[in-house]
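Derivation of every value follows stated rules applied to the coordinates shown; laboratory data play no part. Keep in mind the model is a prediction, meaning the values are calculated, not measured. Virtual Cβ from ideal backbone geometry, glycine too; neighbours counted across all protein chains shown.
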């Protein structure tokens, strides 16, 4: 059996979990409390981060980018990067958009301040950081609306890793109830379609000790 | 002709330039002062970042990860990700290691504080940040020694994007003269081999206004 070391509210782990789900690959999920810096874990990934995938051949693949590219090469059906070379470039541009830009400006700020900070430094959220994160989130939701208005899925005609990366990050912000869906109807409609996919189910039952998900988090008709 | 929008001391642009050089692809280099947020540039890349490649079909490819994956798909000889699926996963793990971890802990800190900060906020370097960056750099050089001691190139038998990403980041730190090469002989030996490749020549003549490169920067026998 495959094993995925993960943290429930980690957007990068969620991206990998969605890819495994879309490709219908079984996996055993193992929570890794990376902040404990467990020695056996540092041996399999010296970067000390999740996600880490141990595959059916007991090979270790670290870093969400390397894992999703590996899974798309090893299990090409369905293709999640796109078929044509420029579609693949557009999928990767948007995956990097969400994993770098959205992560830095929104996920890291809002989810860290509201949900994770207390685990690391026992401090409450910083209101300036929260304000900046919320403003950036609206800018990103605007961009998602712009894309969703012009394309079937975010990167084009096909459902790809661009949708998966975007939904992985947004789902963590939605968990803490900070997405103003009603102000961004096209983004909401796109997210509803992603959220209804069978691969998404695993994310909707996630629990984090000490944090309750927002009331509509698991609701497909939010 | 292809065009690459870039900044001379940007490690991510250097990664793309090395890939273009290894694949012997002609390119016109165009400096983009991203901090000016030029409207025509934001239209081709709303993330406002370099590198951006405009290819022979006038197609725009943004984000260094999307660009290098695109170039390796479009021009597969020489293959820079590796041939076998697990080698490719290892190459990508290390590329992410340097582009994420090394960038955050070393490049962003040292190169930003010493060379780029004055352009953005007209302030001198922060000595605490410099100290932290130097300590992290030694830890990373240790890891490069560990890899170089066990493998022909960083990711295995072949020269790959792992070597290119590592050298791209290190070369920016070397430009400002902050790599303690003599304390890390295996890393120095590996870097000498990368630096001697014809693809590297373009980096050695780079100039940054107001900053002189370290005396040994362009020297192949440093």
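The GNM of chain A, with springs linking C-alpha atoms under 10 angstrom apart, assigns the highest mean-square fluctuation among A:100, A:163, A:63 to A:100.
Pull out a ≥ b ≥ c, the square roots of the eigenvalues of the alpha-carbon gyration tensor of the protein assembly as shown, then state rounded if a/c is under 1.5, prolate if not and a/b is larger than b/c, and oblate in the remaining case. Rounded.
Provide a whole-number value for the mean count of partner chain Cβ atoms within 10 Å of the Cβ atoms in peptide B:94-100.
Working: counts 3, 3, 8, 5, 0, 4, 6.
Per residue, the number of nearby Cβ atoms from other chains is 4 on average.
For residue A:84, the point set 7 Å out from Cα toward Cβ sits 3.6 nm from its twins in the other copies, listed from shortest up. Taking every alpha-carbon pair under 8 Å whose residues sit at least 6 apart, chain B reaches a relative contact order of 23 percent. For the options B:113, B:73, B:123, a Gaussian network treatment of chain B with springs between C-alpha atoms closer than 10 Å singles out B:123 as fluctuating the most. Once both labels are positioned 7 Å from their Cα atoms along Cα-to-Cβ, the gap between residue A:35 and residue B:215 label points is 4.8 nm. Distance from the C-alpha centroid of region B:71-134 to that of region A:1-56: 23 Å, rounded to the whole angstrom. Relative to the current alpha-carbon distance between residue B:192 and residue B:135, full extension at 0.36 nm per residue lengthens the span by 18.3 nm.
The Cα-based radius of gyration of chain A, divided by its Kirkwood radius, gives an Rg/Rh of 0.95. Mean partner shielding of peptide B:52-61, defined as the number of other chain Cβ atoms within 10 Å of each residue Cβ, is 2. Residues B:62, B:214, A:196, arranged from fewest to most other Cβ atoms within 10 angstrom of their Cβ, appear as A:196, B:214, B:62. Using R0 = 35 Å, the C-beta based FRET efficiency linking residue B:59 and residue B:86 works out to 0.65. Neighbouring Cβ atoms from other chains, within 10 Å of the Cβ of residues in A:27-40, number 0 on average.
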